[in-house]
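The values are calculated or read from the model by the stated rules, or taken from the named source; none is laboratory data. On a predicted model such as this, the values are computed, not experimentally measured, just so you know. Note that each Cβ is placed from the backbone with ideal geometry, even for glycine, and that neighbours are counted across all protein chains shown. Remember, those area values only see protein heavy atoms, side chains included, never the ligands or the DNA or RNA. Shrake-Rupley method; radii C 1.70, N 1.55, O 1.52, S 1.80 Å.
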Amino acid sequence: MASRSSANFFDLASGDILDIPQTPRALPRMMTVPGIISDGCRSNDGDSDSMSSACHERKIIVANMLPLHAQRDTTAEKWCFSLDEDSLLLQLKDGFSPETEVIYVGSLKVDVEPSEQEEVTQRLLEEFKCVPTFVPCEIQEMFYHGFCKQQLWPLFHYMLPMCPDHADRFDRQLWQAYVSANKIFADKVMEVVNPEDDYIWVQDYHLMVLPTFLRKRYHRVKLGFFLHSPFPSSEIYRTLPVRDEILKGLLNCDLIGFHTFDYARHFLSCCSRMLGLDYESKRGHIGLDYFGRTVYIKILPVGIHMGRLESVLNLSSTFAKAKEVQEQFKGKKVILGVDDMDIFKGISLKLLAFEHLLQQQEDLPGKLVLVQIVNPARSSGKDVQEAKRETYSTAERINQIYGTSNYEPVILIDRPVARYEKTAYYAVAECCIVNAVRDGMNLVPYKYIVCRQGSPGMDEAMGIKADSPRTSMLVVSEFIGCSPSLSGAIRVNPWDIEAVAEALNVAITMSNSEKELRHEKHYRYVSSHDVAYWARSFMQDLERACQDHYSKRCWGIGLGLGFRVIALSPSFRKLSLDHIVSSYRRTQRRAIFLDYDGTVVPQSSMVKAPSAEVISLLNALSNEPKNTLYIVSGRGRTSLCEWLAPCERLGIAAEHGYFIRDCKTSEWDHLDSDLEWKEIAEPVMQLYTEATDGSFIESKESALVWHHYDADPDFGSCQAKELLDHLESVLANEPAVVKRGQHIVEVKPQGVTKGLVAAKVLSMMVESGKPPDFVMCIGDDRSDEDMFESILSTISSPSVTAAPDIFACTVGQKPSKAKYYLDDTADVLKLLGGLANASNPKPIDTAQFQLAFGSVI
């Protein structure tokens with residue numbers, strides 16, 4: 001399986017990235033059910049509705065690296081592979097049923113010659129259920145060591161490239177390599193996936209645009225994503241030039257997982273600020289509505305593999321090492337740190353805090369040791385070298401000041417440390433400190449807790465009575481993902497050296513009874529929330545998120561990395577001009593209801609007065625004797641009267657129907673309602689207006705509206721929720737209702753809705769002996785949904801003997817009670833023009849309508 005030229009992949013980051021031909025299949029057909037050979041059970045139609053009964057459910061785990069060790073046997077000149085038992089990807093299988101087939105897609109940690117790639121691919125698939133990606137070396141270097149490690153990783157850990165020495169600036173070529181690598185991964189997934197049955201779980205920030213490729217190919221693919229790193233606040237994330245592409249890539253998943261609520265909150269804030277998306281929580285589940293699809297958010301910290309850790313804990317080599325360490329530090333208290341060597345782990349800050357502790361507590365030198373195990377750095381660069389130099393110089397200074405010939409306060413272990421050796425240090429240490437300034441999760445505290453719980457063999461080796469109570473103490477940074485789940489730990493700000501030193505002192509001097517209680521609480525959580533629990537819980541939520549996939553019609557829109565899928569009710573379709581005109585021509589008693597803003601006038605337009613063309617259309621339709629036409633708006637009657645003055649026979653319902661008139665010459669009719677509640681509501685709104693920059697109050701005759709469109713999105717939304725609760729409280733005994741809409745909070749009299757207008761007009765037509773045989777209602781927002789619902793309920797009443805043709809139509813492709821949709825205001829005007837041309841008598845300026853909207857045959 002020869003790798004392709006990297007030059008071709010750089011072309012993928014152009015606007016046509018998703019439209020290139022798919023690479024031919026190279027993997028062998030797989031036996032998915034005993035006795036049945038399958039070619040992936042894959043439909044060539046991206047919106048296939050077919051279900052394959054021959055394929056059973058599988059889980060496809062996609063990650064940057066496969067859970068394999070690879071080594072070249074130079075003597076036999078062949079590759080030797082083995083499973084990496086410590087890999088999270090392998091361990092998560094424990095959360096699935098034994099019958100579940102798990103396929104892994106990812107890269108190998110070694111380079112394989114193109115001539116050997118096909119043979120290696122078949123071996124890995126047959127022996128380990130692994131599918132290697134073989135990303136070309138030049139792309140791999142720019143993808144992983146370039147964009148992932150030099151741009152995404154620092155940014156997600158709150159490090160901005162303020163100057164060239166601080167971090168690497170954005171490089172478009174590295175981004176193209178990232179996209180190219182993601183496309184290669186997606187192609188490999190497509191080779192093995194059965195899209196109707198399989199669940200795909202993508203892991204971590206290396207593959208954040210991969211979901212877009214998969215969603216483009218299979219509109220109903222069952223797709224989850226978990227981010228193992230922090231997700232930064234919107235103020236940091238918004239600096240990324242490709243921020244929208246990555247957000248949209250993640251939103252092409254069905255479920256997105258984060259370790260903590262903070263990370264999820266930052267992601268939701270970015271979606272709100274940059275894409276204008278709102279989220280809501282229903283029955284404990286957070287969901288984003290994204291073009292009719294609900295993208296769920298899962299907050300779920302990962303756990304450890306208890307069995308794997310306990311098996312190492314019970315090795316004879318671990319017993320021997322623990323006994324050796326215990327003897328080495330006899331009479332001393334051991335504080336342990338285990339960290340990767342990088343700038344975010346805070347090793348030097350930890351050493352400074354330890355130094356401060358020795359300064360402040362003069363009795364501690366000679367009795368206290370900090371053992372710092374330094375794991376090899378995962379990336380190279382000047383920042384890593386600087387962190388290493390600072391760590392060594394600080395440790396050397398502390399040892400020179402406080403050390404003696406037989407006492408070394410800081411012991412740095414900067415070499416590959418075997419798992420059994422780390423386990424021994426965990427078991428001996430009285431306190432463990434994780435002082436990272438930013439970290440996605442960090443499982444060191446979990447491992448420490450399990451090792452301190454011990455085992456019969458370890459107890460015997462360390463001379464501990466089997467029934468003696470267990471203790472452990474944790475000092476953890478408040479900036480790491482595991483911190484919220486460790487309620488018994490002492491949480492610290494790693495930048496506050498004095499506070500960290502004090503926390504260490506509290507940890508080593510705390511009473512044993514207190515340590516026992518904290519340890520018991522932690523062990524109970526860690527042992528029950530292991531990696532199997534994490535995988536099982538995520539997959540259960542992914543299955544729930546995908547259960548409605550086939551109850552909706554799906555189709556894709558958008559170019560390049562802006563691609564997304566529209567998912568709507570099967571009965572929801574675009575309103576055909578020919579269809580409605582045909583009905584319009586054969587009917588005699590027509591009722592037409594039109595919203596104003598966002599329907600006949602664009603919502604984005606700064607000029608809210610109708611154009612001359614709109615006035616001509618409204619006149620043409622309202623002057624038709626067979627038509628009863630109403631503009632139904634939330635706006636005040638003064639503005640509507642001024643703007644629609646040329647329309648003599650047009651009915652107007654203002655302020656959601658509080659005021660209504662049949663035509664220009666008729667008097668305004670209004671509801672009898674007590675409006676004294678305005679004196680209570682307005683001062684409350686004024687308080688929030690003064691406290692929320694960019695907000696203002698719109699005072700109508702029957703209602704008060706608080707607008708926060710120009711306020712900070714997060715703060716405005718938060719204030720709107722508070723204002724809603726505040727107003728509902730103070731108006732609880734008043735004849736008023738409080739409703740929240742798009743960037744508004746509105747208070748209006750009870751019973752006032754646009755639906756009431758539709759019901760009133762239709763009832764009047766029925767009572768006059770002229771029941772409608774044609775009803776059309778077009779609107780674009782939530783208030784118009786009341787009209788759609790009211791029309792259906794009114795027409796289905798016993799007083800209406802013959803059902804009319806009903807055309808309830810929303811503007812924009814979004815979930816609605818309407819049966820039809822039109823794309824935008826231009827579509828609405830084209831439709832109205834078609835109806836005007838079909839009117840009898842014809843409008844005066846027929847040529848103008850035909851020129852603007854086209855003739856209807």
Inset, instruction - State which residue is least open to solvent (accessible area, probe 1.4 Å) when the search covers only segment 792-822 and only residues that are over 20 Å from Val600 (Cα atoms) and touching a residue at least 40 places away in the same chain (Cβ under 8 Å). - result: Pro804
Inset, instruction - Check whether at least one residue in segment 318-339 is among the acidic types (Asp, Glu), closer than 27 Å to Asp262 by Cβ and out of contact with any Pro (no Cβ under 7 Å at 6 or more places or on another chain), and report yes or no. - result: yes
Inset, instruction - Please specify each residue of segment 227-247 satisfying the condition of being surrounded by fewer than 24 Cβ atoms within 10 Å (Cβ to Cβ) and in contact with a strand residue (DSSP E or B) (Cβ under 9 Å, 6 or more places away or on another chain). - result: Leu227, His228, Ser229
Inset, instruction - Evaluate segment 401-408: report whether one residue or more is surrounded by fewer than 14 Cβ atoms within 10 Å (Cβ to Cβ), more than 28 Å from Thr318 (Cα to Cα) and either touching a residue at least 60 places away in the same chain (Cβ under 8 Å) or within 40 Å of the chain's Cα centre (by Cα) (or both). - result: no
Legend entry - Selection status of Tyr158, of a type in the set (Ser, Thr, Tyr), in a loop (DSSP other than H, G, I, E, B) and open to solvent by 10 Å² or more (accessible area, probe 1.4 Å): yes
Inset, instruction - Consider Ile139 carefully, then state whether it is open to solvent by less than 30 Å² (accessible area, probe 1.4 Å) and assigned to a helix (DSSP H, G or I). - result: yes
Inset, instruction - Look at segment 385-400 and say how many of its residues are buried (at least 17 other Cβ atoms within 10 Å of the Cβ) and of a type outside the set (Ser, Thr, Tyr). - result: 4
Legend entry - Failed item, numbered, when Phe479 is tested on (1) under 31 Å from the mean Cα position of the chain (by Cα); (2) within 24 Å of Gly307 (Cα to Cα): (2)
Legend entry - Candidates Ala320, Ala353, Ala377 - the one that is farther than 15 Å from Tyr426 by Cα and open to solvent by 10 Å² or more (accessible area, probe 1.4 Å): Ala377
Legend entry - Hits in segment 568-606 (condition: open to solvent by 10 Å² or more (accessible area, probe 1.4 Å), over 30 Å from Tyr550 (Cα atoms) and within 36 Å of the chain's Cα centre (by Cα)): Asp597, Pro602, Gln603, Ser604, Ser605, Met606
Inset, instruction - Working only within segment 382-396, note down all residues that are closer than 14 Å to Ile347 by Cβ and not hydroxyl-bearing (Ser, Thr, Tyr). - result: Asp383, Val384, Gln385, Glu386, Ala387, Lys388, Arg389, Glu390, Ala395, Glu396
Legend entry - Members of segment 649-698 that are at positive phi and part of a loop (DSSP other than H, G, I, E, B): Gly694
Inset, instruction - Tell me, yes or no, whether segment 530-537 has at least one residue that is of a type in the set (Asp, Glu), within 28 Å of Glu101 (Cβ to Cβ), outside any helix (DSSP H, G or I) and touching a residue at least 60 places away in the same chain (Cβ under 8 Å). - result: yes
Legend entry - Pair list, Cβ under 6 Å, 6 or more apart: segment 79-102 residue more than 29 Å from Pro114 (Cα to Cα), other residue assigned to a loop (DSSP other than H, G, I, E, B): Gln91/His305
Inset, instruction - Within segment 422-467, track down each residue that is farther than 23 Å from Ser528 by Cβ and of a type in the set (S, T, N, Q). - result: Asn435
Legend entry - Members of segment 703-730 found to be at pLDDT 90 or above and hydroxyl-bearing (Ser, Thr, Tyr), listed by number: Ser729
Inset, instruction - Working carefully through the options Leu756, Leu723, find the one that is of a type outside the set (Gly, Ala, Ser), in contact (Cβ under 8 Å) with a residue 60 or more places away in the chain and either in a helix (DSSP H, G or I) or open to solvent by less than 40 Å² (accessible area, probe 1.4 Å) (or both). - result: Leu756
Legend entry - Filter pass, Ser468 being among the polar types (S, T, N, Q), in contact (Cβ under 8 Å) with a residue 60 or more places away in the chain and under 23 Å from Met306 (Cβ atoms): no
Inset, instruction - Tell me which residues, restricted to segment 538-552, are open to solvent by 60 Å² or more (accessible area, probe 1.4 Å) and not in a helix (DSSP H, G or I). - result: Gln547, Asp548, Lys552
Inset, instruction - Determine, yes or no, whether Trp555 is touching a strand residue (DSSP E or B) at 6+ places or on another chain (Cβ under 7 Å), touching a residue at least 12 places away in the same chain (Cβ under 8 Å), open to solvent by 50 Å² or more (accessible area, probe 1.4 Å) and not in a helix (DSSP H, G or I). - result: yes
Inset, instruction - State yes or no: is Asp714 surrounded by fewer than 16 Cβ atoms within 10 Å (Cβ to Cβ), charged (D, E, K, R), part of a helix (DSSP H, G or I) and in contact (Cβ under 8 Å) with a residue 40 or more places away in the chain? - result: yes
Legend entry - All positions within segment 89-139 that are of a type in the set (Val, Ile, Thr), farther than 18 Å from Val193 by Cβ and over 28 Å from the mean Cα position of the chain (by Cα): Val110, Val112, Val120
Inset, instruction - Return only the number of the condition from (1) touching a Pro at 6+ places or on another chain (Cβ under 8 Å); (2) open to solvent by 70 Å² or more (accessible area, probe 1.4 Å) that Thr628 does not satisfy. - result: (2)
